[in-house]
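Heads up, the thing below is written out as structure tokens.
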Amino acid sequence: MRRFLPDVMLLAAAAIFPYSVARIFLDTPIERTMGTAFKIFFFHVPMGWLCMLMALVCGIAAGIELRRRSTTASAVALAAAEIGFVCGLGVLLTGPIWGNATWGKPWTGDARQMSTALLWLILAAYLLIRHYGPENSRRLAAALAIFGAVDVPIIYYAVKLWKTTHPTTEVVGSLPPALWASLWPGLGALVLCTLGLMGIRIRQLLIAEELDDAWVRLADRRG
Amino acid sequence: MRLLRQIRLLLVAELRQEIRSFEVVLTSAFFSLVMLALFALSLGAIPASAQVAAAPGALWLSVAFVGGLTLTRVFDRERESDTLRALLVAPVDRLAIYFAKAAIALLVLLIATAVLVPGLVVVFPAAAPMAERPLFTAALVVLGCVGYVAVGTLFAAGLATGSGKNVLLSLILHPLTTPVLMFNLVATRALLEAHPGADAYLGRMAAVDVILVGLGAWLFEPVLVGGGGSQRRAAARPGRGA
């Protein structure tokens, strides 16, 4: 059963997602000040949360990997970074569209925009190091992920010292119940999809690791 | 005390090596002059109101680029003769290696800023407060460079123990040092604008430095001295770096 859990999650996500899209576009009232562009909120916010969560998971898994030299933690860190990278890309693409409709320009250099962009750059650097780094790249990448997880709040605070135009967390928190009700199915579908893909990717990485080990054992036996 | 003595011994060795040729100091100082010339050519004619924003950017971008060059060169010397590996097997605390390397990189970076700051005051008249408040500027530069060096030393050392690929240092260093550089930018701009809360920024920079130095020192040994299994696997694996 555990083996099929990621597939079950992906199937559940595939079932919920069309319902979520239909609800967002057909049943949710149009927001008064931002208009139709506000629909982006239902995709942008969950992807932003997931990107942050994946960066945190990557940092924690990297810490465990460095401490215990765990192959599973290494696979979790890489899978989380890959998914965080994709979610971050989604946030950085949908954010400027929403920003252009709301603030009149796609990029304002706001604290959250900058911190998300830099987090995405750190995740990209992590993936580049994991794929193209030297022989000790896993340890280097793990340190990078830990620094990245620590850096994000610092970056956020640093940019906030300048200026912020982004909606505050209170604005998101004070949404009418109808809008919240439309956010949950989409968020649920994205979380299930993320966990399912993560499960598959972790399994794939562990199998690749086992194959590498088998190759080394074979090379040793041949002398 | 033992750690301090080891740091001092390693630092003296580093300084002795540097004094023989002044290679890193001279190249970093010259590169600082090149950066100054480029900023003077590209931004020298902008109005004074824009200079307040441009001068801090020019200073900390130059520090970022000079820092990358310095850290690469400091560890290239170790790589060329494979002495970092020798140092790691020597009966020396790894923390002492980290702090000695960070100290020499910091020293070179501070010499480079000694060229950069007066140069920027000449290029951008709006940067005059940096000359008018030398103590504040010195504290700002030292705190800014400490954070940068704390991150840079860890990753430059990590790449030096690998096989080549130190071109990746820029990939790692610039996204990770952005928070330090941002704090530095904010503090420098506060100085140029004679902001009443400018002194408080120094405290925040010191706090960020403490976090980064602590993390760098904590991660130095795990990053440099990993398990033999992963290296053996990587060496035996065809066509893959990791």
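Just so it is clear, none of the values below were taken in a lab; they were calculated from the coordinates. All values reported here derive from a predicted model rather than from experimental measurement. Backbone-built Cβ (ideal geometry, glycine too); neighbour counts: all protein chains shown.
Summary table below
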quantity: Most mobile listed residue (A:Glu82, A:Glu65, A:Glu135) in chain A, GNM with C-alpha springs under 10 Å; calculated: A:Glu135
quantity: Fewest-first sequence of A:Leu89, B:Leu181, A:Leu119 by Cβ atoms within 10 Å of each Cβ; calculated: A:Leu89, B:Leu181, A:Leu119
quantity: Which of A:Val86, A:Pro176, A:Leu187, positive extreme of dipole for chain A (C-beta unit charges); calculated: A:Val86
quantity: Most fluctuating residue given options A:Leu26, A:Leu53, A:Leu205, as computed from a GNM of chain A linking Cα atoms under 10 Å; calculated: A:Leu26
quantity: Cα-based Rg of the protein assembly as shown normalised by 2.2 N^0.38 Å, two decimals; calculated: 1.09
quantity: Dipole of the protein assembly as shown [Lys/Arg +1, Asp/Glu -1 at C-beta], most positive-end residue of A:Ser70, B:Thr83, A:Phe43; calculated: A:Ser70
quantity: Calculated FRET efficiency for the pair B:Val167/A:Glu210, C-beta based, R₀ 35 Å, to 0.05; calculated: 0.65
quantity: Over the protein assembly as shown: helical MRE at 222 nm, DSSP H runs n ≥ 4 each giving -39500 (n - 2.57), nearest 500; calculated: -28500 deg cm²/dmol
quantity: Relative frequency of Cα-Cα separations exceeding 28 Å in chain B, percent; calculated: 35 percent
quantity: Peptide-level mean, for B:169-175, of C-beta atoms on other protein chains within 10 Å; calculated: 6
quantity: Under Karplus coefficients 6.51, -1.76 and 1.60, residue-wise ³J(HN,Hα) of segment B:137-147 in Hz, glycine/proline x; calculated: 4, 4, 4, 4, 5, 5, 5, x, 6, 4, x
quantity: Partnerless cysteines, meaning none of the other Cys C-beta atoms lie under 4.7 Å away, in the protein assembly as shown; calculated: A:Cys58, A:Cys193, B:Cys145
quantity: Burial ordering of A:Lys105, A:Lys39, fewest other beta-carbon atoms within 10 Å first; calculated: A:Lys105, A:Lys39
quantity: Calculated over segment A:1-49: convex hull of Cα atoms, volume per residue (Å³); calculated: 78 Å³
quantity: Kirkwood hydrodynamic radius over Cα pairs of segment A:58-106, then Stokes diffusion coefficient at 4 °C and 1.567 mPa s, in µm²/s; calculated: 105 µm²/s
quantity: In Hz, Karplus ³J(HN,Hα) per residue of segment B:89-95 (6.51, -1.76, 1.60; θ = phi - 60°; x = Gly, Pro); calculated: 8, 6, x, 10, 4, 5, 4
quantity: ³J(HN,Hα) computed for each position of segment B:2-8 - Karplus, 6.51 cos²θ - 1.76 cosθ + 1.60, integer Hz, glycine/proline x; calculated: 4, 4, 4, 5, 5, 4, 4
quantity: Helix B:23-43 axis, angle to chain B major axis (alpha carbon atoms, nearest 10°); calculated: 40 degrees
quantity: Cβ-based exposure ranking for B:Tyr148, A:Tyr126, in which fewest neighbours within 10 Å come first; calculated: B:Tyr148, A:Tyr126
quantity: Check: the protein assembly as shown dipole with +1 on Lys, Arg Cβ and -1 on Asp, Glu Cβ, in debye; calculated: 960 debye
quantity: Max mean-square fluctuation residue, GNM over chain A, Cα-Cα springs under 10 Å, options A:Trp120, A:Trp184, A:Trp98; calculated: A:Trp184
quantity: Kirkwood-based Rg to Rh ratio, chain A, C-alpha trace; calculated: 1.04
quantity: R0 of 30 Å, Cβ-Cβ distance A:Arg68-A:Asp220: FRET efficiency to nearest 0.05; calculated: 0.75
quantity: Shielding of A:145-156 by partner chains, average beta-carbon count, 10 Å; calculated: 5
